[in-house]
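What follows is a short report on a single structure.
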Amino acid sequence: MTGPVHVRLGGYAPADSTHGQALDRIAAGLRAGLGDRVKVEIEHNILDRGRPAQALLSEVESGATTACFFSTSYLADRVPDLAILDLPYVFGSLGHAHACLDGDLGTRLSERTRAATGLLPLGYWDNGFRHLSNAHREVRTPADCRGLRVRLQPNWAHERLFRELGAEPVPNDLSAGIRMLRSGELDAQENPLANFVAYGVHELHPHLTFTGHAYGARGVYASARQLATWPDSDLEVLHESVATAIAQQRSAAAAKEAELETWLTARGTRLLRLGEEEYAGFRTAAAPVLEEAALRLGEEPFALIET
């Protein structure tokens, strides 16, 4: 008889976020499929105990935590191909991004991640398109970004983009970034609307421009060390649970984005949608980043982006 299964799931977002709810869905699927044999613990937000978000990755790799979600951006230094997900304006829509992540591109990224880390990718959740917010002024053109100190995820593509826009990129862990935004050390940040609100930045920044400059994916990463001890039947239940959570999280994230746009407008946040020519100005400014990426990554990952 198969023995008990102890599962620990971790994240770095509020329990009521789409990512927190998706952890709950994985847990529910495991309990339904494995019954009394499974004990599931969930830590929705590691930040609540004063730990940096990146501690989750080491906990999963060591086997102390079974699985977590995490932005792919933080792994791009170890898995260079992941940088393709952070490049500006490579995905035209959420549907386009999802098709690529569920297809050959996602397969390649998962294989490269598994080879370079102790992480076993189970799929990819949606973190939406990223937009620029700031405390000082309306941003309509790259010229309006000049001089802004912008908190970024540690990622070369994001840093290069904001240098091209004339801003001063400040890459750091999320907890440090929030602290610096609150202290006024930083002027701006970029995130999807869900994070803009979840991390309280909407209380600091009256201006947000829908730049949509990059797509955000959050991988669902399991511990290769821990899962090596699981029987195939239990692994099948885990994969099915994650697949269900992926579909539900993506749908919920899109609905949440629309809901938050309405809510932010009502509370007085100045949400700015760019005109076609204004948007083209940002795409033009991003061209050198794509040129560098082609040299760094080669042609193969780009060929896997479905049109």
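Okay, residues lined up against (1) free of Cβ contacts under 8 Å to residues at least 40 places away in the same chain; (2) surrounded by fewer than 18 Cβ atoms within 10 Å (Cβ to Cβ); (3) under 22 Å from the mean Cα position of the chain (by Cα); (4) over 24 Å from Leu87 (Cα atoms):
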| residue | (1), (2), (3), (4) |
| --- | --- |
| Pro206 | no, yes, no, yes |
| Gly216 | no, no, yes, no |
| Leu227 | no, yes, no, yes |
| His239 | no, yes, yes, yes |
| Val242 | no, no, yes, yes |
| Ala245 | no, no, yes, yes |
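The residues listed here are Val79, Val60; of these, the one that is within 15 Å of Ala217 (Cα to Cα), among the β-branched types (Val, Ile, Thr) and either at pLDDT below 95 or within 18 Å of the chain's Cα centre (by Cα) (or both) is Val79. Selection of helices (runs of 4 or more DSSP H) fully inside the range 1-110 by the criterion of at least 3 residues being free of Cβ contacts under 8 Å to residues at least 40 places away in the same chain and not hydroxyl-bearing (Ser, Thr, Tyr) returns 18-34. Of the residues making up the range 260-278, those that are touching a helix residue (DSSP H, G or I) at 6+ places or on another chain (Cβ under 9 Å), in a helix (DSSP H, G or I) and either closer than 21 Å to Asp144 by Cα or not basic (Lys, Arg) (or both) number 4. Restricting Arg130, Arg163, Arg151, Arg140 to those that are crowded, with 19+ Cβ neighbours inside 10 Å, among the basic types (Lys, Arg) and farther than 23 Å from Ala245 by Cα reduces the list to Arg151. Here Val150 meets the list (1) of a type outside the set (Phe, Trp, Tyr); (2) touching a helix residue (DSSP H, G or I) at 6+ places or on another chain (Cβ under 6 Å); (3) part of a strand (DSSP E or B); (4) under 30 Å from Gln248 (Cα atoms) almost entirely, failing just condition (4). One residue alone among Ala64, Ala99, Ala32, Ala13 is small (Gly, Ala, Ser) and touching a helix residue (DSSP H, G or I) at 6+ places or on another chain (Cβ under 7 Å), and that residue is Ala13. Listed conditions (1) closer than 23 Å to His239 by Cβ; (2) within 18 Å of the chain's Cα centre (by Cα); (3) surrounded by fewer than 20 Cβ atoms within 10 Å (Cβ to Cβ) are all met by Gly33, apart from (2).
Being charged (D, E, K, R), assigned to a loop (DSSP other than H, G, I, E, B) and free of Cβ contacts under 8 Å to residues at least 40 places away in the same chain holds for only one residue in Glu185, Glu159, and it is Glu185. Kindly establish whether Val242 is touching a strand residue (DSSP E or B) at 6+ places or on another chain (Cβ under 7 Å), more than 20 Å from Ser73 (Cβ to Cβ), hydrophobic (A, V, I, L, M, F, W, C) and in a helix (DSSP H, G or I). When the stated conditions are applied, Val242 passes them. Determine, yes or no, whether Leu105 is closer than 25 Å to Ser233 by Cα and over 16 Å from the mean Cα position of the chain (by Cα). Spelling it out, it is not the case that Leu105 is closer than 25 Å to Ser233 by Cα and over 16 Å from the mean Cα position of the chain (by Cα).
The values are calculated or read from the model by the stated rules, or taken from the named source; none is laboratory data. Because the structure is a prediction, the values reported are computed rather than measured. For neighbour counting, all protein chains shown are included, and Cβ atoms are generated from backbone atoms with ideal geometry for every residue, glycine included.
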